[in-house]
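Below you'll find the structure, written out as structure tokens, and then a few comments.
The values are calculated or read from the model by the stated rules, or taken from the named source; none is laboratory data. A quick note: this is a predicted structure, and the numbers were derived from the prediction, not measured. Methodologically, a virtual Cβ is constructed for each residue, glycine included, from the backbone with ideal geometry; neighbour enumeration extends over all protein chains shown. Just so you know, the surface numbers come from the protein's heavy atoms only, side chains and all, with ligands and any DNA or RNA stripped out. Shrake-Rupley method; radii C 1.70, N 1.55, O 1.52, S 1.80 Å.
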Amino acid sequence: MASARTIRAAARQVKPILSVDQGEARKRVLNLYKAWYRQIPYILIDYDFPKSKEQCREKLREEFEKHRHVQDIRVIDMLVIKGQMELKETVEIWKQKHGLMAYWRDSVDPKPKDFLSKFLDGHE
């Protein structure tokens, strides 16, 4: 019984990465979203991107919506840190154009699932 209490107490006392509570994590996510949103026009110019501003903003929203269900503050902080790194790499033009186009890969050409579709597509 005592060991179960210590395990539960240890599980509750994890150090936060950046945010102390859910509200602070939410602010960080919204600030990251706004930063990406503001940079989209400049990214389109710098990379001579073949997508419209609206398509990019829609994809940005889709990428953020993917992680909407995440509740753990530490996971949210890690996603924010990764998003900030991606933004920095994109703004500094350290990424190549195909790295940005990869965000559209899944939604453009879905992979065949059943045998006949794979066969007709040329896969085994």
Worksheet entry | Solvent-accessible area of residue 103 with every protein chain in place, 1.4 Å probe, in Å² to the nearest 10 | 80 Å²
Worksheet item: Modelled label-to-label distance, residue 33 and residue 89, 7 Å Cα→beta-carbon offset: nm?
Response: 2.3 nm
Response to the item:
From highest to lowest solvent-accessible area (probe 1.4 Å; ligands, DNA and RNA excluded), 70, 20 read 20, 70
Item to complete: Show me 72-84, 52-64 ranked by packing, highest mean number of other Cβ atoms within 10 Å first.
Response: 72-84, 52-64
Worksheet, complete the sentence: Simple SL model, points at 7 angstrom along Cα→Cβ for residue 15 and residue 105; separation in nm is 3.6 nm
